[in-house]
Amino acid sequence: MSTYLSRTFSGANTSRKIFTVSFWLKRTVFGSMKAVISAETTSNFYDQIIFASSDQFDVNNVASGSDVISFKTNMKFRDPSAWYHIVTAIDTTQASSSNGVKIYVNGILQTSFASSTYAQDATFEIGRDGSTTSIGRRQRDQDGLGVGYLAEFYYIDGQQKAATDFGQTDSTTGIWKPKTYSGTYGNNGFRLEFKNSGALGTDTSGNAETFTVNNAGTGAQVTDTPSNVFSVLNTITADGGTWSLGALRYLTNGTDLVCGISSFALTGSSKWYCEMKAITKTGNYFNFGVASSSKSMNDNGIIYRSDGKIYKDGNENQSSLATFTDNDIIGIIYDCNNNQCSFQKNGSAVGSAVTIGDATKDIFFVTGGNGGTNATAEVNFGNPVFSISSSNADGAGLGSFEYAVPSGAYSLCTNNINTYG
(Lines give C-alpha, C1' and ligand atoms only; values in the text may rest on other atoms or scores of the structure.)
Protein backbone atom coordinates (compact mmCIF):
# COMPACT_ATOMS: atom_id res chain seq x y z
CA MET A 1 0.00 0.00 0.00
CA SER A 2 1.38 3.44 -0.95
CA THR A 3 -0.42 5.43 1.76
CA TYR A 4 1.78 7.88 3.64
CA LEU A 5 1.30 10.88 5.96
CA SER A 6 3.00 14.27 5.74
CA ARG A 7 3.13 17.52 7.69
CA THR A 8 5.10 20.76 7.37
CA PHE A 9 5.60 22.08 10.88
CA SER A 10 5.17 25.80 11.57
CA GLY A 11 6.54 26.29 15.07
CA ALA A 12 9.91 25.85 16.76
CA ASN A 13 10.78 22.51 18.35
CA THR A 14 11.22 22.21 22.07
CA SER A 15 14.56 20.68 21.08
CA ARG A 16 16.16 19.51 17.85
CA LYS A 17 18.62 17.41 19.84
CA ILE A 18 16.26 15.54 22.16
CA PHE A 19 13.18 13.57 21.09
CA THR A 20 11.53 10.15 21.10
CA VAL A 21 9.71 8.28 18.35
CA SER A 22 7.59 5.29 19.42
CA PHE A 23 5.42 3.12 17.16
CA TRP A 24 4.02 -0.37 16.64
CA LEU A 25 4.66 -1.93 13.26
CA LYS A 26 3.73 -5.12 11.42
CA ARG A 27 5.99 -5.60 8.41
CA THR A 28 4.59 -7.13 5.22
CA VAL A 29 7.27 -6.74 2.54
CA PHE A 30 10.91 -7.63 3.01
CA GLY A 31 14.19 -7.21 1.16
CA SER A 32 13.65 -3.61 0.08
CA MET A 33 14.06 -0.27 1.85
CA LYS A 34 10.92 0.90 3.66
CA ALA A 35 10.61 4.21 5.50
CA VAL A 36 9.00 4.71 8.92
CA ILE A 37 9.53 8.46 9.44
CA SER A 38 11.75 10.96 7.67
CA ALA A 39 12.24 14.69 7.21
CA GLU A 40 14.17 16.99 4.91
CA THR A 41 14.99 20.69 5.10
CA THR A 42 17.37 20.71 2.12
CA SER A 43 18.95 17.91 0.10
CA ASN A 44 21.97 18.01 2.42
CA PHE A 45 20.05 18.12 5.72
CA TYR A 46 17.68 15.23 6.34
CA ASP A 47 16.75 12.42 8.71
CA GLN A 48 15.42 8.96 8.00
CA ILE A 49 14.30 6.15 10.28
CA ILE A 50 13.90 3.19 7.97
CA PHE A 51 14.17 -0.54 7.44
CA ALA A 52 17.09 -1.11 5.11
CA SER A 53 16.92 -3.56 2.21
CA SER A 54 18.75 -5.96 4.53
CA ASP A 55 15.70 -5.77 6.90
CA GLN A 56 17.81 -4.09 9.59
CA PHE A 57 16.44 -1.08 11.46
CA ASP A 58 18.39 2.07 10.58
CA VAL A 59 18.41 5.53 12.19
CA ASN A 60 20.21 8.07 10.02
CA ASN A 61 20.86 11.81 10.35
CA VAL A 62 22.66 13.70 7.57
CA ALA A 63 24.04 17.24 7.88
CA SER A 64 25.98 19.08 5.16
CA GLY A 65 25.68 15.95 3.06
CA SER A 66 27.49 13.64 5.52
CA ASP A 67 26.31 11.01 8.00
CA VAL A 68 26.34 12.48 11.49
CA ILE A 69 24.20 9.86 13.22
CA SER A 70 23.99 6.34 11.77
CA PHE A 71 22.75 3.46 13.91
CA LYS A 72 21.83 0.19 12.20
CA THR A 73 20.83 -2.86 14.24
CA ASN A 74 22.38 -6.26 13.69
CA MET A 75 18.91 -7.60 14.40
CA LYS A 76 16.81 -8.25 11.30
CA PHE A 77 13.04 -7.79 11.32
CA ARG A 78 11.63 -10.61 9.20
CA ASP A 79 8.54 -11.94 10.99
CA PRO A 80 5.41 -11.29 8.87
CA SER A 81 3.07 -12.52 11.60
CA ALA A 82 4.26 -10.22 14.41
CA TRP A 83 3.80 -6.64 15.53
CA TYR A 84 7.03 -5.02 16.71
CA HIS A 85 7.16 -2.14 19.20
CA ILE A 86 10.13 0.08 18.39
CA VAL A 87 11.24 3.13 20.36
CA THR A 88 14.00 5.45 19.13
CA ALA A 89 15.05 7.80 21.92
CA ILE A 90 17.57 10.53 21.04
CA ASP A 91 19.53 12.94 23.23
CA THR A 92 22.63 14.19 21.43
CA THR A 93 23.55 16.47 24.33
CA GLN A 94 24.95 13.26 25.84
CA ALA A 95 28.66 12.63 25.33
CA SER A 96 28.43 8.86 24.75
CA SER A 97 26.63 7.20 21.87
CA SER A 98 25.07 4.61 24.19
CA ASN A 99 23.29 7.41 26.03
CA GLY A 100 22.70 9.57 22.97
CA VAL A 101 20.89 6.99 20.81
CA LYS A 102 18.71 4.34 22.43
CA ILE A 103 16.69 1.86 20.40
CA TYR A 104 14.24 -0.49 22.11
CA VAL A 105 12.51 -3.46 20.45
CA ASN A 106 9.57 -4.92 22.36
CA GLY A 107 10.88 -3.31 25.52
CA ILE A 108 14.47 -4.54 25.13
CA LEU A 109 17.31 -2.04 24.72
CA GLN A 110 19.40 -2.93 21.67
CA THR A 111 23.15 -3.06 22.18
CA SER A 112 24.35 -4.84 19.03
CA PHE A 113 24.80 -2.62 15.99
CA ALA A 114 26.20 -3.07 12.51
CA SER A 115 27.03 0.66 12.48
CA SER A 116 27.08 3.24 15.27
CA THR A 117 28.25 6.64 14.03
CA TYR A 118 27.59 9.37 16.58
CA ALA A 119 28.23 13.10 16.97
CA GLN A 120 27.42 15.01 20.14
CA ASP A 121 25.01 17.93 19.73
CA ALA A 122 23.80 16.78 16.30
CA THR A 123 20.46 18.35 15.34
CA PHE A 124 17.55 16.62 13.64
CA GLU A 125 15.04 17.72 11.01
CA ILE A 126 12.07 15.62 12.20
CA GLY A 127 9.35 17.94 13.47
CA ARG A 128 11.44 21.02 12.64
CA ASP A 129 9.81 24.37 11.91
CA GLY A 130 9.54 24.70 8.12
CA SER A 131 10.55 21.13 7.29
CA THR A 132 8.25 18.45 5.91
CA THR A 133 8.05 15.28 7.98
CA SER A 134 6.65 12.13 6.36
CA ILE A 135 5.46 8.89 7.93
CA GLY A 136 5.57 5.87 5.64
CA ARG A 137 7.73 7.56 2.98
CA ARG A 138 11.35 8.67 2.70
CA GLN A 139 10.93 12.42 2.22
CA ARG A 140 14.26 13.15 0.55
CA ASP A 141 13.83 10.68 -2.35
CA GLN A 142 10.06 10.23 -2.11
CA ASP A 143 10.43 6.47 -1.95
CA GLY A 144 10.31 3.70 0.65
CA LEU A 145 6.52 3.38 0.53
CA GLY A 146 4.71 0.36 1.94
CA VAL A 147 6.35 0.00 5.37
CA GLY A 148 3.47 -2.17 6.64
CA TYR A 149 0.81 -1.73 9.33
CA LEU A 150 1.35 1.08 11.87
CA ALA A 151 -0.32 1.71 15.22
CA GLU A 152 0.11 4.06 18.20
CA PHE A 153 2.63 6.43 16.64
CA TYR A 154 4.18 8.97 19.04
CA TYR A 155 6.68 11.80 18.61
CA ILE A 156 7.76 13.34 21.93
CA ASP A 157 9.54 16.64 21.36
CA GLY A 158 12.27 17.54 23.87
CA GLN A 159 12.36 14.34 25.95
CA GLN A 160 14.27 11.07 25.71
CA LYS A 161 11.76 8.51 26.94
CA ALA A 162 12.02 4.79 27.77
CA ALA A 163 10.11 1.92 26.18
CA THR A 164 8.17 1.50 29.42
CA ASP A 165 6.51 4.86 28.80
CA PHE A 166 4.67 3.29 25.83
CA GLY A 167 4.52 -0.44 26.57
CA GLN A 168 4.42 -3.00 29.35
CA THR A 169 4.72 -6.73 29.94
CA ASP A 170 1.41 -8.54 30.35
CA SER A 171 1.44 -10.14 33.80
CA THR A 172 -0.39 -13.25 32.56
CA THR A 173 1.15 -13.95 29.17
CA GLY A 174 4.53 -12.28 29.55
CA ILE A 175 3.98 -10.61 26.16
CA TRP A 176 4.95 -6.99 25.56
CA LYS A 177 1.81 -4.94 24.92
CA PRO A 178 0.84 -1.28 24.29
CA LYS A 179 0.38 1.21 27.09
CA THR A 180 -1.03 4.71 26.70
CA TYR A 181 1.62 7.38 27.18
CA SER A 182 0.71 9.76 30.00
CA GLY A 183 3.43 12.40 29.80
CA THR A 184 3.76 15.70 27.97
CA TYR A 185 4.56 16.08 24.26
CA GLY A 186 6.61 19.27 23.90
CA ASN A 187 5.96 21.95 21.28
CA ASN A 188 5.70 19.80 18.15
CA GLY A 189 4.94 16.39 19.64
CA PHE A 190 2.04 14.32 18.42
CA ARG A 191 0.13 11.07 18.87
CA LEU A 192 -1.45 9.31 15.90
CA GLU A 193 -3.96 6.63 16.86
CA PHE A 194 -5.36 6.16 13.32
CA LYS A 195 -8.87 5.90 14.81
CA ASN A 196 -10.70 8.20 12.40
CA SER A 197 -11.08 6.38 9.07
CA GLY A 198 -11.85 9.67 7.33
CA ALA A 199 -8.86 11.48 8.87
CA LEU A 200 -6.19 8.93 9.76
CA GLY A 201 -3.60 11.63 10.39
CA THR A 202 -5.49 13.22 13.30
CA ASP A 203 -3.24 14.17 16.21
CA THR A 204 -4.81 13.26 19.57
CA SER A 205 -2.03 14.67 21.76
CA GLY A 206 -3.74 18.05 22.14
CA ASN A 207 -1.09 19.81 20.03
CA ALA A 208 -3.21 19.77 16.85
CA GLU A 209 -0.26 18.54 14.76
CA THR A 210 -2.51 16.67 12.34
CA PHE A 211 -0.92 15.07 9.27
CA THR A 212 -2.18 15.04 5.69
CA VAL A 213 -3.09 11.57 4.42
CA ASN A 214 -1.77 10.80 0.94
CA ASN A 215 -2.78 7.97 -1.42
CA ALA A 216 -5.28 6.46 0.99
CA GLY A 217 -7.51 3.90 -0.64
CA THR A 218 -9.69 0.98 0.37
CA GLY A 219 -8.21 -0.80 3.35
CA ALA A 220 -6.06 2.06 4.65
CA GLN A 221 -7.52 1.58 8.13
CA VAL A 222 -7.39 -1.98 9.45
CA THR A 223 -8.55 -3.98 12.46
CA ASP A 224 -5.24 -5.87 12.63
CA THR A 225 -3.67 -4.46 15.80
CA PRO A 226 -0.94 -5.34 18.34
CA SER A 227 -3.71 -6.56 20.64
CA ASN A 228 -5.27 -8.90 18.07
CA VAL A 229 -3.13 -9.89 15.10
CA PHE A 230 -4.76 -11.27 11.93
CA SER A 231 -3.07 -13.55 9.46
CA VAL A 232 -1.73 -12.11 6.21
CA LEU A 233 -0.01 -13.82 3.29
CA ASN A 234 3.58 -14.74 4.10
CA THR A 235 5.76 -12.74 1.74
CA ILE A 236 8.95 -14.53 2.81
CA THR A 237 8.01 -18.14 2.03
CA ALA A 238 6.01 -17.45 -1.14
CA ASP A 239 7.19 -18.56 -4.57
CA GLY A 240 7.59 -15.05 -5.94
CA GLY A 241 4.85 -12.67 -7.01
CA THR A 242 3.98 -9.08 -6.15
CA TRP A 243 2.44 -8.03 -2.83
CA SER A 244 0.28 -5.05 -1.96
CA LEU A 245 -2.51 -3.92 0.39
CA GLY A 246 -0.69 -5.06 3.51
CA ALA A 247 0.23 -8.49 2.05
CA LEU A 248 -3.42 -9.32 1.42
CA ARG A 249 -3.34 -8.80 -2.36
CA TYR A 250 -1.19 -11.19 -4.39
CA LEU A 251 -0.22 -10.92 -8.05
CA THR A 252 1.49 -14.11 -9.17
CA ASN A 253 4.57 -13.85 -11.33
CA GLY A 254 3.53 -16.01 -14.26
CA THR A 255 5.17 -19.18 -12.97
CA ASP A 256 2.99 -22.28 -12.94
CA LEU A 257 1.19 -22.60 -9.60
CA VAL A 258 3.21 -20.09 -7.61
CA CYS A 259 1.83 -19.95 -4.13
CA GLY A 260 1.09 -17.39 -1.39
CA ILE A 261 0.35 -18.88 2.04
CA SER A 262 -1.11 -17.67 5.30
CA SER A 263 1.27 -16.39 7.96
CA PHE A 264 -0.54 -18.47 10.62
CA ALA A 265 -0.95 -22.25 10.53
CA LEU A 266 -4.32 -23.91 11.10
CA THR A 267 -4.12 -25.76 14.40
CA GLY A 268 -6.21 -26.86 17.35
CA SER A 269 -9.62 -28.51 17.38
CA SER A 270 -11.63 -25.80 15.63
CA LYS A 271 -12.75 -24.79 12.18
CA TRP A 272 -11.05 -21.85 10.46
CA TYR A 273 -12.60 -19.66 7.80
CA CYS A 274 -11.29 -17.21 5.23
CA GLU A 275 -12.52 -15.59 2.03
CA MET A 276 -10.51 -15.22 -1.15
CA LYS A 277 -11.70 -12.80 -3.81
CA ALA A 278 -10.81 -13.43 -7.44
CA ILE A 279 -9.67 -10.09 -8.89
CA THR A 280 -8.24 -10.73 -12.37
CA LYS A 281 -6.52 -13.52 -14.25
CA THR A 282 -4.79 -13.57 -17.61
CA GLY A 283 -4.72 -17.33 -18.08
CA ASN A 284 -6.46 -20.57 -17.32
CA TYR A 285 -7.36 -20.79 -13.63
CA PHE A 286 -7.58 -19.28 -10.22
CA ASN A 287 -6.58 -21.83 -7.55
CA PHE A 288 -7.60 -21.39 -3.91
CA GLY A 289 -7.25 -23.94 -1.15
CA VAL A 290 -5.39 -25.54 1.75
CA ALA A 291 -2.08 -27.40 1.86
CA SER A 292 0.47 -28.76 4.30
CA SER A 293 3.36 -26.39 4.86
CA SER A 294 5.70 -29.39 5.08
CA LYS A 295 4.98 -30.53 1.52
CA SER A 296 4.17 -29.15 -1.90
CA MET A 297 0.49 -28.67 -2.62
CA ASN A 298 0.66 -31.38 -5.26
CA ASP A 299 1.80 -33.83 -2.56
CA ASN A 300 -0.72 -32.78 0.07
CA GLY A 301 -3.04 -29.99 -1.02
CA ILE A 302 -6.68 -29.36 -1.84
CA ILE A 303 -7.42 -26.86 -4.61
CA TYR A 304 -10.72 -25.41 -5.80
CA ARG A 305 -10.12 -24.24 -9.36
CA SER A 306 -12.08 -21.60 -11.20
CA ASP A 307 -13.07 -24.15 -13.88
CA GLY A 308 -15.30 -25.88 -11.31
CA LYS A 309 -12.98 -28.70 -10.25
CA ILE A 310 -11.48 -29.70 -6.90
CA TYR A 311 -8.05 -31.31 -6.91
CA LYS A 312 -6.46 -33.32 -4.10
CA ASP A 313 -2.71 -33.98 -4.09
CA GLY A 314 -2.51 -33.01 -7.75
CA ASN A 315 -5.33 -35.35 -8.85
CA GLU A 316 -8.91 -34.46 -9.83
CA ASN A 317 -11.25 -35.21 -6.93
CA GLN A 318 -14.53 -33.53 -7.95
CA SER A 319 -15.72 -31.95 -11.20
CA SER A 320 -18.72 -30.24 -12.81
CA LEU A 321 -18.98 -27.86 -9.85
CA ALA A 322 -19.76 -24.14 -9.89
CA THR A 323 -17.16 -22.18 -11.84
CA PHE A 324 -15.98 -18.77 -10.66
CA THR A 325 -14.40 -15.71 -12.19
CA ASP A 326 -13.37 -12.11 -11.46
CA ASN A 327 -15.05 -10.59 -8.37
CA ASP A 328 -16.43 -13.89 -7.06
CA ILE A 329 -15.63 -14.60 -3.40
CA ILE A 330 -14.60 -18.09 -2.40
CA GLY A 331 -15.05 -19.17 1.20
CA ILE A 332 -12.68 -21.81 2.56
CA ILE A 333 -13.49 -23.77 5.72
CA TYR A 334 -10.88 -25.99 7.33
CA ASP A 335 -12.05 -28.43 10.03
CA CYS A 336 -9.08 -29.39 12.21
CA ASN A 337 -11.06 -32.08 14.05
CA ASN A 338 -11.73 -34.05 10.88
CA ASN A 339 -8.83 -32.76 8.78
CA GLN A 340 -11.29 -31.68 6.12
CA CYS A 341 -11.49 -28.74 3.73
CA SER A 342 -14.68 -27.47 2.12
CA PHE A 343 -15.54 -24.55 -0.15
CA GLN A 344 -18.23 -21.95 -0.82
CA LYS A 345 -18.83 -19.66 -3.77
CA ASN A 346 -20.46 -16.36 -2.86
CA GLY A 347 -21.89 -17.90 0.31
CA SER A 348 -23.21 -21.16 -1.22
CA ALA A 349 -21.62 -24.56 -0.62
CA VAL A 350 -19.61 -26.12 -3.45
CA GLY A 351 -19.01 -29.86 -3.71
CA SER A 352 -18.26 -31.99 -0.66
CA ALA A 353 -15.57 -31.80 2.03
CA VAL A 354 -12.20 -33.34 1.23
CA THR A 355 -9.83 -34.88 3.79
CA ILE A 356 -6.25 -33.65 4.08
CA GLY A 357 -3.45 -34.88 6.34
CA ASP A 358 -0.88 -33.17 8.58
CA ALA A 359 -3.50 -31.10 10.39
CA THR A 360 -1.03 -29.25 12.60
CA LYS A 361 0.73 -27.78 9.57
CA ASP A 362 -2.10 -26.90 7.24
CA ILE A 363 -2.31 -23.44 5.72
CA PHE A 364 -4.64 -21.45 3.52
CA PHE A 365 -3.10 -20.56 0.21
CA VAL A 366 -3.79 -18.82 -3.09
CA THR A 367 -2.01 -19.73 -6.29
CA GLY A 368 -1.75 -18.45 -9.83
CA GLY A 369 -3.28 -19.80 -12.98
CA ASN A 370 -1.87 -22.93 -14.56
CA GLY A 371 0.29 -22.73 -17.66
CA GLY A 372 2.59 -19.92 -16.55
CA THR A 373 -0.09 -17.24 -16.40
CA ASN A 374 -0.83 -14.46 -13.93
CA ALA A 375 -3.65 -14.14 -11.42
CA THR A 376 -4.48 -11.48 -8.82
CA ALA A 377 -6.46 -12.29 -5.68
CA GLU A 378 -7.27 -10.63 -2.36
CA VAL A 379 -7.50 -12.60 0.85
CA ASN A 380 -9.62 -11.87 3.90
CA PHE A 381 -8.67 -13.63 7.12
CA GLY A 382 -11.07 -11.35 9.01
CA ASN A 383 -9.35 -8.06 8.20
CA PRO A 384 -10.72 -7.29 4.70
CA VAL A 385 -9.04 -5.13 2.09
CA PHE A 386 -11.86 -5.54 -0.41
CA SER A 387 -15.19 -3.79 0.11
CA ILE A 388 -17.62 -5.63 2.37
CA SER A 389 -21.29 -4.91 1.77
CA SER A 390 -22.64 -7.06 4.62
CA SER A 391 -20.15 -7.46 7.44
CA ASN A 392 -20.35 -10.81 9.21
CA ALA A 393 -18.30 -11.60 12.33
CA ASP A 394 -17.37 -15.10 13.48
CA GLY A 395 -18.86 -16.82 16.53
CA ALA A 396 -16.42 -14.97 18.80
CA GLY A 397 -17.56 -11.62 17.41
CA LEU A 398 -14.26 -11.13 15.57
CA GLY A 399 -13.44 -10.48 11.93
CA SER A 400 -15.48 -9.02 9.10
CA PHE A 401 -16.56 -11.15 6.15
CA GLU A 402 -18.83 -10.71 3.15
CA TYR A 403 -20.74 -13.93 3.88
CA ALA A 404 -21.93 -15.62 7.07
CA VAL A 405 -19.18 -17.51 8.85
CA PRO A 406 -20.13 -21.21 9.09
CA SER A 407 -21.17 -22.45 12.53
CA GLY A 408 -18.18 -23.30 14.70
CA ALA A 409 -15.67 -21.61 12.38
CA TYR A 410 -13.43 -18.69 13.32
CA SER A 411 -11.30 -16.02 11.72
CA LEU A 412 -7.55 -16.58 11.77
CA CYS A 413 -6.32 -14.15 14.44
CA THR A 414 -4.32 -14.40 17.65
CA ASN A 415 -7.31 -13.96 19.96
CA ASN A 416 -9.04 -16.93 18.33
CA ILE A 417 -5.87 -19.01 18.17
CA ASN A 418 -5.33 -18.37 21.89
CA THR A 419 -8.88 -19.55 22.66
CA TYR A 420 -9.56 -22.22 20.04
CA GLY A 421 -6.17 -23.10 18.57
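The values are calculated or read from the model by the stated rules, or taken from the named source; none is laboratory data. Everything numeric in this text was worked out from a predicted model, so none of it was measured. Neighbour counts run over all protein chains shown; Cβ positions are idealised from the backbone, glycine included.
Taking (1) part of a loop (DSSP other than H, G, I, E, B); (2) closer than 29 Å to T3 by Cβ in turn, Q120 satisfies each apart from (2). Applying the set (1) surrounded by fewer than 19 Cβ atoms within 10 Å (Cβ to Cβ); (2) over 27 Å from F30 (Cα atoms); (3) of a type in the set (S, T, N, Q) to Q160 leaves exactly one unmet item: (1). Of the numbered criteria (1) modelled with pLDDT of 95 or more; (2) crowded, with 19+ Cβ neighbours inside 10 Å, the one G219 fails is (1). Of the numbered criteria (1) touching a Lys or Arg at 6+ places or on another chain (Cβ under 7 Å); (2) among the hydroxyl-bearing types (S, T, Y); (3) modelled with pLDDT of 95 or more, the one T41 fails is (3). Taken as a whole, the structure places A89 among residues that are in a strand (DSSP E or B) and crowded, with 22+ Cβ neighbours inside 10 Å. Restricting attention to the range 6-41, the residues that are in contact with a Pro (Cβ under 8 Å, 6 or more places away or on another chain) and closer than 16 Å to G201 by Cα add up to 1. Just so you know, in the range 382-409 the residues that are free of Cβ contacts under 8 Å to residues at least 40 places away in the same chain and closer than 25 Å to A353 by Cα include one that is surrounded by the fewest Cβ atoms within 10 Å (Cβ to Cβ), and it is S407. Take the residues in the range 25-67 that are within 22 Å of T3 (Cα to Cα) and of a type in the set (D, E, K, R); name whichever of them is surrounded by the most Cβ atoms within 10 Å (Cβ to Cβ). Residue satisfying both the conditions and the ranking: D47. Within the range 353-373, is there a residue that is more than 17 Å from N234 (Cβ to Cβ) and modelled with pLDDT of 95 or more? Yes, the range 353-373 has at least one match. If the condition is being surrounded by fewer than 18 Cβ atoms within 10 Å (Cβ to Cβ) and under 21 Å from the mean Cα position of the chain (by Cα), then the range 92-105 contributes only V105. Identification of strands (runs of 3 or more DSSP E) wholly contained in the range 285-339 with 2 or more residues that are of a type in the set (S, T, N, Q), surrounded by fewer than 19 Cβ atoms within 10 Å (Cβ to Cβ) and modelled with pLDDT of 85 or more yields 315-318. Pairing residues of the range 332-356 that are of a type in the set (K, R) with residues that are modelled with pLDDT of 95 or more, at Cβ distances under 8 Å and at least 6 apart in sequence or on separate chains, gives K345/A322; K345/D328; K345/I329; K345/I330; K345/G331. For the range 272-283, the criterion of being at pLDDT 85 or above, assigned to a loop (DSSP other than H, G, I, E, B) and surrounded by fewer than 18 Cβ atoms within 10 Å (Cβ to Cβ) is satisfied by no residue at all. Condition test on K177, is it in a strand (DSSP E or B), in contact (Cβ under 8 Å) with a residue 12 or more places away in the chain and not β-branched (V, I, T)? Answer is yes for this residue. Of the residues making up the range 108-122, those that are more than 15 Å from K72 (Cβ to Cβ) and surrounded by fewer than 17 Cβ atoms within 10 Å (Cβ to Cβ) number 5.
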